[in-house]
Amino acid sequence: MLGREKFAVQAAEGRAAAYVAALLDRATIVEVAMPGPARAADADNDHPIELASVHGVDAVVPGDRHLLAESSEPPVLTPRERVGLAPAS
């Protein structure tokens, strides 16, 4: 993903590798048996919602506009909604 043209400036000069290394340093790697029960109207969105549900997160905050259209538990929120700058839709 970080190799995409839209991220070229942000990922230049080794910043992408540094970003990934920082994420891996702080991340918890988990496995979820898939497929689980359908959770989303769009089957492509089931995986992130399933992961969030299984691991008890408060909300899913995606960069994917299609995922924002989902109604699920846990809720799918924009970054502004998550930090309380906008009301949840």
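The values are calculated or read from the model by the stated rules, or taken from the named source; none is laboratory data. Just so you know, these numbers come straight off a predicted model, no measurement behind them.
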- Task: From ARG82, ARG39, ARG65, grab the single residue that is modelled with pLDDT of 80 or more and not hydrophobic (A, V, I, L, M, F, W, C).
- Result: ARG82
- Query: Across region 42-62, which residue is modelled with the lowest pLDDT among those that are outside any loop (DSSP other than H, G, I, E, B) and of a type in the set (D, E, K, R)?
  - Reply: ASP44
